[in-house]
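The values are calculated or read from the model by the stated rules, or taken from the named source; none is laboratory data. Quantities reported herein were computed from a predicted structural model and do not represent experimental measurements. So basically every Cβ, Gly included, is an ideal-geometry build from the backbone, and we count neighbours across all protein chains shown. Note: areas computed on protein heavy atoms with side chains; ligands, DNA, RNA excluded. Shrake-Rupley method; radii C 1.70, N 1.55, O 1.52, S 1.80 Å.
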Amino acid sequence: MPRHLLNPMDFSVEELYKLMDLAGDIERNPDKYAHACDRKILATCFYEPSTRTRLSFEAAMYRLGGHVLGFSSANSSSAAKGESVSDTLRMISCYADICAMRHPKEGAAFVGAQKASIPLINAGDGGHQHPTQTLTDLLTIHSLHGAFEGLTVGLCGDLKFGRTVHSLINALTRYEGVKFVLISPPELKVPSYITEMLEQKGYEYKEVISLDEAIPELDILYMTRVQKERFFNEEDYVRMKDFYILDKEKMSHAKPDMLVLHPLPRVNEISVEVDDDPRAAYFQQAQYGMYIRMALILTLLGIEVE
C-alpha cells in the first residue's frame, strides 16, 4: 500500500527531522536533485482555488525533473458532473505516480486515500487540516530560529476556521515547553477541541483579544487572514476582517528576534510597511514551502539521491 500524508502527525518526530534535513540539502544543492523525478508525474487535484500551495507543488515537481497534470477548480473537473472523490482518485491513480489534493470538505482526503493506489498528499481539506503548510511552518521555524522547544507562539486572527492554525498547534505539541497565546475576537476563537487537547497534554496556553498586549512575549507571531470563504454571511465577514492589522508601531514592541509568519495570501492583516522588517519571514516561508514539498515528494515516492 502507498504511504499518504493526510495529517501532520502521520510522520514521527524523527521522520520530520529527516524531511527537514532533506529539504535543507535540496536548498543548498538544487542541481543534485534536478533529475530525481525524471518520468514521474504529479497530479494536482484542486477542488478550490489556490495560488501558493498549487504552484509550489508544481514548482517542486518541475524542479525535481518530473511532470504535472491536474485541475485547478472543481468546475474544470468531472466533479462538476457529479463524480465522487473516490472515483477521481481511482482514475488519477491510473495516470500519475503521486497526487496532491485540496478539497473544501473536511475528511475528503481521507476518503480519497481509501481508493488511491498512489501516494496522496492532503493539500488542505476544508477548515480541518493543511499538513504541507504545517511542514512549511516547521521548516521555517527550524531554519530561522533553530529549535522548537521552549518557544512562545502567538497565533492571531481567524483561529476558528484557520486549518493552518489547527495543524500547527497539533504539530508543536510534540516539542517540550511550547507555550501558546491564542489571539482572536471571541467570534473567531479556536475550537474547543484544540484547547481541550492542549489541556490534556499539559501545554500552557491563554486566550486573549489584544495583539498589543500579547506581542512583547512572543518568539513567533503567526498571523492569519479572516477567510471570507468560510463565512455564511457578508456582514459578519466585514465586521471581522480588519480586527487585527500588524504594523510598524506594533512591531516596535516585539522582541528583536521574533519571527512573523503567515500562510498567505494576506489581505490587510499585515501592513506592507512590515515587509522590510528583518523579522518578517512570510515570503521566505513560501519558498521553504517548495523545498519541503520537494522533500516530501521524494520521500513518499521512495526516491533516494546519493
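Some notes on this structure:
- Criterion (touching a Cys at 6+ places or on another chain (Cβ under 7 Å) and either modelled with pLDDT of 95 or more or open to solvent by 20 Å² or more (accessible area, probe 1.4 Å) (or both)) met by exactly one of PHE57, PHE71: PHE71
- Close pairs from the range 47-76: first of a type in the set (Val, Ile, Thr), partner in a helix (DSSP H, G or I) and open to solvent by less than 20 Å² (accessible area, probe 1.4 Å), Cβ under 8 Å, at least 6 apart: THR53/THR132; THR53/GLN133; THR53/GLY289; VAL68/PHE57; VAL68/MET61
- Residue in the range 165-179 that is in contact with a His (Cβ under 6 Å, 6 or more places away or on another chain), basic (Lys, Arg) and open to solvent by 10 Å² or more (accessible area, probe 1.4 Å) present: no
- Note on the range 205-228: among residues that are under 23 Å from the mean Cα position of the chain (by Cα), in contact (Cβ under 8 Å) with a residue 24 or more places away in the chain and in a helix (DSSP H, G or I), the one that is farthest from HIS145 (Cα to Cα) is LEU211.
- All positions within the range 1-18 that are outside any helix (DSSP H, G or I) and either open to solvent by less than 10 Å² (accessible area, probe 1.4 Å) or more than 18 Å from ARG174 (Cα to Cα) (or both): MET1, PRO2, ARG3, HIS4, LEU5, PHE11
- ASP21 vs. criteria open to solvent by 10 Å² or more (accessible area, probe 1.4 Å), under 30 Å from GLU176 (Cβ atoms), of a type outside the set (Lys, Arg) and in a helix (DSSP H, G or I): yes
- Residue check for GLU149: at pLDDT 95 or above, open to solvent by 10 Å² or more (accessible area, probe 1.4 Å) and in a loop (DSSP other than H, G, I, E, B): yes
- Positions within the range 193-204 being in a helix (DSSP H, G or I) and either open to solvent by less than 30 Å² (accessible area, probe 1.4 Å) or at pLDDT 95 or above (or both), in sequence order: ILE194, THR195, GLU196, MET197, LEU198, GLU199, GLN200, LYS201
Listed here are the residues, each with its yes/no results for (1) in contact with a His (Cβ under 9 Å, 6 or more places away or on another chain); (2) part of a helix (DSSP H, G or I); (3) open to solvent by 40 Å² or more (accessible area, probe 1.4 Å).
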{"position": "PRO256", "(1), (2), (3)": "no, no, yes"}
{"position": "VAL260", "(1), (2), (3)": "no, no, no"}
{"position": "PRO265", "(1), (2), (3)": "no, no, yes"}
{"position": "ASN268", "(1), (2), (3)": "no, no, yes"}
{"position": "GLU273", "(1), (2), (3)": "no, yes, yes"}
{"position": "GLN287", "(1), (2), (3)": "no, yes, yes"}
{"position": "ARG293", "(1), (2), (3)": "no, yes, no"}
{"position": "ILE297", "(1), (2), (3)": "no, yes, no"}
{"position": "GLU304", "(1), (2), (3)": "no, no, yes"}
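- Considering only residues in the range 205-238 that are more than 30 Å from GLY177 (Cβ to Cβ) and at pLDDT 55 or above, the one that is most open to solvent (accessible area, probe 1.4 Å) turns out to be GLU235.
- If you go through the range 104-145 and pick out every residue that is closer than 20 Å to MET223 by Cα, open to solvent by 20 Å² or more (accessible area, probe 1.4 Å) and at pLDDT 90 or above, you end up with 4.
- Residue ID - modelled with the lowest pLDDT, chosen from residues in the range 161-188 that are in a loop (DSSP other than H, G, I, E, B) and closer than 19 Å to LEU246 by Cβ: GLY162
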